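See below for the structure under consideration.
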Amino acid sequence: MPDDDPLSVPTTGILTIEAWMRPDDLTPPNVESSGYVHWLGKITYGGGNNVEWAARMYSLDNTEDRANRISGYAFNREGGEGVGSYFQDPVQVGEWIHYVLVINTVVRDAPYPMGYTKIYKNGDQRDQDSLAKLKIEPANTTSPCASPPRVSAPSAPVASARWRSTRTNSRATASLRTTTR
Ligand SMILES: [Ca+2]
Ligand SMILES: [Ca+2]
């Protein structure tokens, strides 16, 4: 999906990413870094970084003891470390999981002075984190919304995914099915 304002946090200050995901492989062969895949996101490194947000799943055998952690992150434009929320439960191959990531910069209070990320699994809120922790101010960049997004090096694909999406002003809805190869 090409870059579009409704897919960026600053447009309304709130972005909700909703997806049905179905992991077909708990240890995908082409992973990044400690062992994870970004299965959806607006991330482009190189030529002036254009980094916004990402949905991630860790491999069962990643090197950070995050077995099949499913998470979502908000970044500053230049990328690097982001603020994110997660849930980490045993995952079955072929299991459908309803995933919702909220990045909210509008609702600000003492624990969340710059807003927050929040994640839901199958309708239950599982985690919430403060954007102020790393002073994250999400940008509206030119990065396309992709699954998987372009990562640091144009190397082997980390995963393939088929998905379709519809959206309204502040909400991106992706119904997707991830496959790995
Ligand atoms: Ca957290
Ligand atoms: Ca944009």
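Every read-out reported here was derived from the displayed coordinates using simple, explicitly stated rules and does not represent laboratory data. Quantities reported herein were computed from a predicted structural model and do not represent experimental measurements. Neighbour counts run over all protein chains shown; Cβ positions are idealised from the backbone, glycine included.
On a per residue basis, the convex hull of the C-alpha atoms belonging to region 1-41 measures out at 120 Å³. Sorting the segments 25-31, 66-72, 53-59 by their residues' average number of neighbouring beta-carbon atoms within 10 angstrom, most packed first, yields 53-59, 66-72, 25-31. Report note on the peptides 10-23, 102-115: ranked by the mean count of other C-beta atoms within 10 Å, highest first, their order is 10-23, 102-115. The distance from the alpha carbon centre of region 1-54 to that of region 105-121 is 19 Å, rounded to a whole number.
Test of understanding: what is the full-extension gain from residue 126 to residue 27, defined as 0.36 nm times their sequence separation minus their Cα-Cα distance?
Working: separation 99, 0.36 × 99 = 35.64 nm, distance 2.33 nm.
Net length gain for the segment: 33.3 nm.
What does a probe at residue 92 reach in region 1-28, counting residues whose amide N is under 16 Å from the point 7 Å along Cα→Cβ? Once the point is set 7 Å along Cα→Cβ of residue 92, 21-26 turn out to lie under 16 Å by backbone N, inside region 1-28.
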